[in-house]
Amino acid sequence: AQSVSQHNHHVILSEAASLELGCNYSYGGTVNLFWYVQYPGQHLQLLLKYFSGDPLVKGIKGFEAEFIKSKFSFNLRKPSVQWSDTAEYFCAVNAQNNAGNMLTFGGGTRLMVKP
Amino acid sequence: NAGVTQTPKFRVLKTGQSMTLLCAQDMNHEYMYWYRQDPGMGLRLIHYSVGEGTTAKGEVPDGYNVSRLKKQNFLLGLESAAPSQTSVYFCASSYLTGQPHRWELFFGEGSRLTVL
């Protein structure tokens, strides 16, 4: 079974700082990778996803993530964060051979951006 | 277009009581899922369904039952609630597609359950 690790549980940044959130997964086969964001009091929304091709994926709101297969990583980045980026971020993996098309989530990273 | 709708949004139960959470989706999705969200543990899959009339266990199924009598609805039941089931519950749905790069989960707004 696959698993996902997000090593940073809480991150505090000032506005305009750069962001990188780590995500590592364990699964030996082909995977699809996702980052979801949950703003306070809201449901999860898709930020970006990787299926194949260019390992650098661009998502909404200026976020991007890079898939490094050799490191089993899919780190999320943003060059300059804003106060409105305060949210919880979840990395998730979908093994391509799983019958239920399920996502396995990491434990999440709470980001607080100070104005 | 409502997407994925969960009811109720909030509920407080006493230990031993039963309740049902309803998830409804209007996107004609084949797959539906129930997750629970706990601090520091992310989302964990409780049960899922790959089509009407089918259900399967996820990572943390104990203490829960589900039913999918209609394609658009996925019910999560707690027969005898326990304090350990205090959590935020999210329903999600997804679709079969011949274009895997378009696949994703669509989430409801969550149901916050407290068991005293």
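The values are calculated or read from the model by the stated rules, or taken from the named source; none is laboratory data. These numbers come from a predicted model, not from an experiment. Note that each Cβ is placed from the backbone with ideal geometry, even for glycine, and that neighbours are counted across all protein chains shown.
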Within the range A:44-89, of all residues that are away from chain B (no Cβ under 14 Å) and of a type in the set (D, E), the one farthest from A:Y27 (Cα to Cα) is A:D85
Residue pairs qualifying under the 7 Å Cβ cut-off, at least six apart or on distinct chains, with the first in the range A:69-85 being part of a helix (DSSP H, G or I) and the second being modelled with pLDDT of 95 or more and among the aliphatic types (A, V, I, L, M), are A:W83/A:V113; A:D85/A:L111; A:D85/A:V113
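Can you confirm whether B:G53 is touching an Asp or Glu at 6+ places or on another chain (Cβ under 9 Å), small (G, A, S) and outside any strand (DSSP E or B)? Steps first, answer last, please.
Values: touching an Asp or Glu at 6+ places or on another chain (Cβ under 9 Å): no; small (G, A, S): yes; outside any strand (DSSP E or B): yes.
No: the conditions fail for B:G53.
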**Asked** Do we have A:A92 as more than 12 Å from every other protein chain (Cβ to nearest Cβ) and surrounded by 13 or more Cβ atoms within 10 Å (Cβ to Cβ) here?
**Response** no
Log entry, pairs with first residue in the range B:17-42 being without any contact (Cβ under 8 Å) to a residue 40 or more places away in the chain, second being of a type in the set (F, W, Y), beta carbons closer than 8 Å, six or more apart or on different chains, reads B:G42/A:F90; B:G42/A:F105
Looking across the range B:15-38 at residues that are surrounded by fewer than 20 Cβ atoms within 10 Å (Cβ to Cβ) and closer than 17 Å to B:S111 by Cβ, the single one that is nearest to the chain's Cα centre (by Cα) is B:L22
Counting only residues in the range B:39-71 that are at the interface with chain A (Cβ under 8 Å from one of its Cβ atoms) and over 14 Å from the mean Cα position of the chain (by Cα), the one surrounded by the fewest Cβ atoms within 10 Å (Cβ to Cβ) is identified as B:G40
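Out of the residues in the range A:4-43 meeting the condition of being in a strand (DSSP E or B) and loosely packed, with under 12 Cβ neighbours inside 10 Å, tell me which one is nearest to the other protein chains (Cβ to nearest Cβ).
Taking the range A:4-43 and keeping what is in a strand (DSSP E or B), we get A:4-5, A:10-14, A:19-21, A:24-26, A:31-38.
Checking the rest, the ones that are also loosely packed, with under 12 Cβ neighbours inside 10 Å come to A:10, A:12, A:14.
Values: A:H10: 10, A:I12: 17, A:S14: 24 Å.
Checked the range A:4-43; the qualifying residue nearest to the other protein chains (Cβ to nearest Cβ) is A:H10.
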Filtering the range B:6-31 for residues that are modelled with pLDDT under 95 and part of a strand (DSSP E or B) leaves a count of 1
Checked the range B:14-38 for anything more than 18 Å from B:S93 (Cβ to Cβ) and within 14 Å of chain A (Cβ to nearest Cβ); matches are B:D38
